[in-house]
1. Of (1) part of a helix (DSSP H, G or I); (2) charged (D, E, K, R); (3) not assigned by TED's automatic domain parsing to the domain that holds Y176, E69 satisfies all except one. Which?
2. Search segment 119-144 for residues that are part of a helix (DSSP H, G or I) and pair each with any residue that is charged (D, E, K, R) and modelled with pLDDT of 95 or more when their beta-carbon atoms are under 7 Å apart and the residues are at least 6 apart or on different chains.
3. Within the group I106, I82, which residue is modelled with pLDDT of 85 or more, surrounded by fewer than 20 Cβ atoms within 10 Å (Cβ to Cβ) and assigned to a helix (DSSP H, G or I)?
4. Inspect segment 10-32 for any residue being at pLDDT 85 or above and either out of contact with any Cys (no Cβ under 9 Å at 6 or more places or on another chain) or in the same structural domain as I148 (by TED's automatic domain parsing) (or both) and give the result as yes or no.
5. Can you tell me which residues in segment 38-54 are modelled with pLDDT under 90 and in contact with a Ser or Thr (Cβ under 7 Å, 6 or more places away or on another chain)?
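The values are calculated or read from the model by the stated rules, or taken from the named source; none is laboratory data. Everything numeric here is computed off the predicted structure, so don't read it as measured data. A quick note on method: Cβ atoms are made from the backbone with ideal geometry, for glycine too, and the neighbour counts reach across all protein chains shown.
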Amino acid sequence: MNYVTHSSYYVTIVVLNGGNSFYIINKPDLKLYIKYMVSMRCKMAVKEALKKMGLHFIVVDLGEVEIMETISGAELNELKTILSDSGLELMDDKKSVLIERIKNVITEMIHYSDELPKNNYSDHISEKLHYDYTYLSNLFSEVKGITIQQFIIIHKIERAKELLIYDELNLTEISYKLHYSSVAHLSNQFKKVTGLTPSHYKKLKDRKRSPIEEIGNEQEVRLQD
């Protein structure tokens, strides 16, 4: 099985005083893509897996890991096994990798950023991934069965649930934080997704929330902004 990785050699040219030169071929870094890696707990699990295998990481981000070493197919399989014990999956399909990267950009944007981007979400995603947004949008819809916009809405409502439970912000402040044009706009989308108004949800004793990695997996979701 061929895993999706990325690496590149780069060359340093050293020129001596006499005009002679020689080349230093630098060891490539290796990038791996991991599914279901959506929280700090997941990051810690990945770091522990790399440490267990004696691998040194440069970056451990949502869904992506960059390590200093190149590793063999046998080592990749070993890493896959270790990660699976933590509910994580080393990815081996290019389309799946790109879908997961789209999801991770949205997850980070909605759940882990202090402020949502001031530019359009489409521009933000395109800039982050260095792909044309139309291509990303079509691919996402084809694979997931919902649009990127619908996926963003579902995540924003899940974030709104979290903020309602924390009870640190009122509904006006939540709508502003999540870039809704009004409380009515937020309430309308909240009811479409959950079947409840925000105030009704807040009063429930059993306020169910979805794990981040499961948000948007419902293929039957149909929303209109």
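1. Unmet for E69, out of (1) part of a helix (DSSP H, G or I); (2) charged (D, E, K, R); (3) not assigned by TED's automatic domain parsing to the domain that holds Y176: (1).
2. S126/D132
3. After applying the criteria, what remains is I82.
4. Yes, that holds for at least one residue.
5. Answer for segment 38-54, where residues must be modelled with pLDDT under 90 and in contact with a Ser or Thr (Cβ under 7 Å, 6 or more places away or on another chain): just V38.
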